[in-house]
Amino acid sequence: IEEPPAVRSIEDFYNRIEQAVSVQSFIYIQTLGEVSYVNFKAPIKLYSIASRSGLQKRVFLSGGIHGNEPAGAETLASFMASLARNPAKFGPIAFDIVPLINPWGFSHDQRFNGDGRDLNRDFASFKGQESRILTSYLQGKRYDLMLDHHEDPNGKGFYMYQYAMPDQKLSRKIIEAIRADGY
């Protein structure tokens, strides 16, 4: 089976983010691990953003789990640039952001990783390199909110799936804020 051609540069994607966030000293960049396939290697990076002491909430954001859904990764890149320009925007909230969970899929515009796995379904078996890297990082961490960004070419507008919290107040507030911003 012939490998699909690369359509996006992982290096360019990360360089854009790092150039945008380099203006702030409170944004820390860490490589969680590296995925490796035939003729392909790329890091999975974490961006930790905590602009002040007295933090009250911790939020984990991720995107790019499906490589053919670039909007999630691009949204997080834009979000980080926005935070770098206006660090007080979200007050006492610390963000840990993994904008690109599936670098091979992103590079090749494919839903699956380099082994043909749907990583969104792999967090029970952990057969994918990417899900093992992310799970290893998240082990023992606690967040007040976790959001994984996707793209739905057949959907209309913005929507959310909520898991693990029966109270929908926070989800409703998020949706209201996004609508108020014109989406």
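Miscellaneous remarks
- Contact map, segment 21-39: first residue under 30 Å from GLU2 (Cα atoms), second residue among the polar types (S, T, N, Q) and open to solvent by 30 Å² or more (accessible area, probe 1.4 Å), Cβ cut-off under 8 Å, separation 6 or more or different chains; pairs are LEU32/SER136; GLY33/GLN129; GLY33/SER136; VAL35/GLN129; SER36/GLN129.
- A residue that is basic (Lys, Arg), closer than 16 Å to LEU147 by Cβ and either open to solvent by 60 Å² or more (accessible area, probe 1.4 Å) or more than 14 Å from the chain's Cα centre (by Cα) (or both) cannot be found anywhere in segment 76-96.
- For segment 160-169, taking the residues that are over 19 Å from HIS150 (Cα atoms) and of a type outside the set (Lys, Arg), the one that is most open to solvent (accessible area, probe 1.4 Å) is identified as PRO166.
- Residue in segment 71-92 that is within 18 Å of SER136 (Cα to Cα), of a type outside the set (S, T, N, Q) and modelled with pLDDT of 95 or more present: no
- Among the residues making up segment 97-111, those that are open to solvent by less than 30 Å² (accessible area, probe 1.4 Å) and not β-branched (Val, Ile, Thr) are PRO99, LEU100, ASN102, PRO103, TRP104, GLY105, PHE106, SER107, HIS108.
The values are calculated or read from the model by the stated rules, or taken from the named source; none is laboratory data. Quick caveat: nothing in here was measured; it's all calculated off a predicted structure. In this analysis, Cβ positions are derived from the backbone assuming ideal geometry, glycine residues included, and neighbour counts consider all displayed protein chains. Each accessible area value is taken on the protein alone, full model and side chains, heavy atoms only, with ligands, DNA and RNA left out. Shrake-Rupley method; radii C 1.70, N 1.55, O 1.52, S 1.80 Å.
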